[in-house]
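**Student:** Have a look at this one before I ask anything.
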Amino acid sequence: MKSVYLLVCLALLAGCSSMGVEPWERDLLAKDSMQLVPDYFDSFYDDHIYFSKEASSGGKGVGGGGCGCN
Amino acid sequence: MQLKNIKGKVSLATCSLLQMTGTATQAADSDWNVDTAFLYYGESDGRVQAAEPAIHVGHKLNDDDRIDLRLVVDVLTGATPNGAHATSVAQTFTTPSGNGSYTTNAGETPLDSTFHDTRAALGADWTIALDRESKIILGLNVSGEYDYFSLGLSTTYARDFNNRNTTLTAGIAYNNDTINPVGGVPIELDPMVAQGFTLNRRGSSETKTLSDFIIGVTQVIDRKTIMQLNYTYGMTDGYQNDPYKLLSVIDPTTGLPATASAAAAGDLPYVYESRPDSRQRNSLYFNTARTLTEDVIHFSYRYYWDDWGITSHTLDLKYRYELKNSYLQPHLRYYSQDAADFYIHDLKLGSDVDATTGEVISRQYASNDYRLAKSVTTTVGLKYGLPLSKNSEFALRGEYIQQAISNDGVPAGEETPDLGAMVLQLNYSMLW
């Protein structure tokens with residue numbers, strides 16, 4: 001099972017090397033609206049609200065602040 | 001020059017793993033960017049209300065290095081469920097300090113109305129380019145509130161490959177949190193006592209530590225699509241109870257709160273919750289953005305699991321619909337979780353609690369915190385964004401959150417109520 005998982009990961013990484021764009025094709029990707037976290041405080045507030053109301057948290061990154069709300 | 005700017009922007013995009021970048025005003029050709037926001041959060045039925053002003057200032061030190069600072073203040077008030085459930089009789093509880101009491105009417109879910117707090121949180125991130133393809137981000141988070149203090153450090157390394165179309169990220173974070181519960185730290189599974197009696201407490205403060213690790217890959221798929229996949233693993237060690245949460249002790253014959261026959265004077269038929277002192281958390285997170293002609297769609301999915309028995313699925317969808325000089329962005333979020341292994345509606349006298357001594361005999365851990373229950377949360381929102389000039393933008397966001405708590409197997413009249421909440425948010429961003 002582990003070797004299958006490893007093979008899948010390697011295949012995905014190998015696949016990555018054939019994807020992508022040239023530097024002059026980044027016009028749309030460079031837009032603010034195409035950032036993976038396009039709205040700084042929308043994401044921040046959402047994480048804070050749901051952290052205090054749900055049992056799951058995290059996933060997007062590490063290094064958030066602590067809170068006594070959960 | 002234009003290419004350089006675009007490269008800078010894409011580099012920022014790929015590092016938004018860290019949640020520290022990606023702000024709407026983070027243009028590569030400006031030295032300063034400022035985001036300000038105000039959030040109002042209000043729950044229905046007189047429960048929690050919160051106001052949260054916030055400011056984020058980013059400063060570009062040179063082409064690749066930057067500093068980001070964030071300050072957030074939360075002002076909270078209102079009432080929150082204390083963990084005991086509704087019954088057919090009125091119920092009286094002691095406030096956490098022991099200096100007061102409150103009574104909940106028959107048929108109503110007990111809410112602790114002493115809940116109020118002010119929290120200030122400061123975050124700082126320093127992005128340092130190591131070379132053209134790699135960078136490191138050092139983070140510091142400090143927050144304080146009346147009964148809680150948190151100090152966190154983080155480091156994240158990101159490296160670009162494949163003509164900057166692939167970014168691999170690895171990060172580590174450590175938090176040390178201290179809680180000083182009002183009235184002291186309750187003794188787990190010991191009873192709440194009536195006002196005037198000695199509280200069952202075992203000290204004034206407790207701590208916990210959080211260690212988190214992340215690895216992730218961000219990939220430009222084509223000119224219109226970018227994707228990200230993260231795996232995070234976290235360990236929490238130390239005090240993880242909510243010191244203000246209780247469980248009802250019920251006489252199975254009458255179905256009403258009851259104390260043991262030899263209970264000490266002043267004991268009430270409620271015990272303080274008890275959670276394990278370690279927790280291992282995992283999540284897989286997928287995030288993508290795609291341009292559709294002019295509009296942009298954002299979609300993310302998270303699968304979470306931990307050794308408390310909680311698994312959850314989170315789906316999040318945003319569609320940015322471009323208008324002539326502004327945009328509308330509907331938002332849908334769906335979240336479902338299973339209950340923690342130790343989540344329990346109440347404890348029964350006789351089987352769970354010794355009917356003579358009042359000692360909890362059936363389990364080491366128990367909580368009726370609704371946040372550990374099986375539940376589904378749905379969110380519907382709409383945002384309107386209006387660029388005011390080339391360098392500034394105003395946005396207004398409204399959301400409605402509905403949280404449905406599973407009441408499977410719960411007797412009629414004792415159900416945990418659903419939660420409704422409204423979110424209103426104002427953003428103003430500028431750069432120069």
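**Student:** If you go through region B:93-141 one residue at a time, how many are assigned to a strand (DSSP E or B), surrounded by fewer than 20 Cβ atoms within 10 Å (Cβ to Cβ) and of a type in the set (K, R)?
**Tutor:** Residues in region B:93-141 being assigned to a strand (DSSP E or B), surrounded by fewer than 20 Cβ atoms within 10 Å (Cβ to Cβ) and of a type in the set (K, R): 0 in total.
**Student:** Something else now. Please work out which residue is nearest to B:L210 (Cα to Cα), limiting yourself to region B:148-172 and to residues that are out of contact with any Ser or Thr (no Cβ under 9 Å at 6 or more places or on another chain) and facing chain A (nearest Cβ under 7 Å).
**Tutor:** B:S154
**Student:** I'd like to know if region B:64-78 contains one or more residues that are touching a Lys or Arg at 6+ places or on another chain (Cβ under 8 Å), more than 30 Å from B:G184 (Cβ to Cβ), in contact (Cβ under 8 Å) with a residue 40 or more places away in the chain and surrounded by fewer than 22 Cβ atoms within 10 Å (Cβ to Cβ).
**Tutor:** The answer is yes; a qualifying residue exists.
**Student:** Out of the residues in region A:33-49 that are surrounded by fewer than 22 Cβ atoms within 10 Å (Cβ to Cβ) and within 21 Å of B:T225 (Cβ to Cβ), state the one that is nearest to the other protein chains (Cβ to nearest Cβ).
**Tutor:** Among those residues, the one meeting the criterion is A:S33.
**Student:** Just wondering, is there one or more residues in region B:378-389 that are within 23 Å of B:M192 (Cα to Cα) and either hydroxyl-bearing (S, T, Y) or in a strand (DSSP E or B) (or both)?
**Tutor:** Within region B:378-389, not a single residue is within 23 Å of B:M192 (Cα to Cα) and either hydroxyl-bearing (S, T, Y) or in a strand (DSSP E or B) (or both).
**Student:** For region B:330-382, enumerate the residues that are polar (S, T, N, Q) and over 19 Å from B:K245 (Cβ atoms).
**Tutor:** B:S336, B:S351, B:T356, B:T357, B:T377, B:T378, B:T379
**Student:** With respect to B:S204, is the statement that it is within 29 Å of B:H59 (Cβ to Cβ) and away from chain A (no Cβ under 13 Å) true?
**Tutor:** Against the criterion (within 29 Å of B:H59 (Cβ to Cβ) and away from chain A (no Cβ under 13 Å)), B:S204 does not qualify.
**Student:** Same structure again: Which ones in region B:323-368 are facing chain A (nearest Cβ under 9 Å), of a type in the set (K, R) and assigned to a loop (DSSP other than H, G, I, E, B)?
**Tutor:** Of everything in region B:323-368, nothing turns out to be facing chain A (nearest Cβ under 9 Å), of a type in the set (K, R) and assigned to a loop (DSSP other than H, G, I, E, B).
**Student:** Would you confirm whether or not region B:347-364 contains a residue that is surrounded by fewer than 17 Cβ atoms within 10 Å (Cβ to Cβ), aliphatic (A, V, I, L, M), at pLDDT 95 or above and under 23 Å from B:Q240 (Cα atoms)?
**Tutor:** yes
**Student:** Filter the strands (runs of 3 or more DSSP E) completely within region B:214-288 down to those with at least 2 residues that are within 11 Å of another protein chain (Cβ to nearest Cβ) and in contact with a helix residue (DSSP H, G or I) (Cβ under 7 Å, 6 or more places away or on another chain).
**Tutor:** B:225-238
**Student:** Next question. Can you spot a residue in region B:369-377 that is more than 10 Å from chain A (Cβ to nearest Cβ), assigned to a strand (DSSP E or B) and within 30 Å of A:D39 (Cβ to Cβ)?
**Tutor:** Yes - at least one qualifying residue is present in region B:369-377.
**Student:** Is it the case that A:K60 is among the charged types (D, E, K, R) and surrounded by 24 or more Cβ atoms within 10 Å (Cβ to Cβ)?
**Tutor:** yes
**Student:** When residues of region B:170-199 are filtered for being more than 25 Å from the chain's Cα centre (by Cα) and of a type in the set (S, T, Y), how many remain?
**Tutor:** 1
**Student:** Does B:D341 qualify as being out of contact with any Ser or Thr (no Cβ under 6 Å at 6 or more places or on another chain), farther than 26 Å from A:A55 by Cβ and touching a residue at least 24 places away in the same chain (Cβ under 8 Å)?
**Tutor:** When the stated conditions are applied, B:D341 does not pass them.
**Student:** For region B:173-195: of the residues being closer than 30 Å to B:T156 by Cβ and buried (at least 17 other Cβ atoms within 10 Å of the Cβ), which is farthest from the other protein chains (Cβ to nearest Cβ)?
**Tutor:** Once the filter is applied, the top-ranked residue is B:T178.
The values are calculated or read from the model by the stated rules, or taken from the named source; none is laboratory data. The shown structure was predicted, so the numbers you read here are calculated from the model rather than taken from an experiment. Glycine gets a Cβ as well: all are built from the backbone with ideal geometry, and neighbour counts include every protein chain shown.
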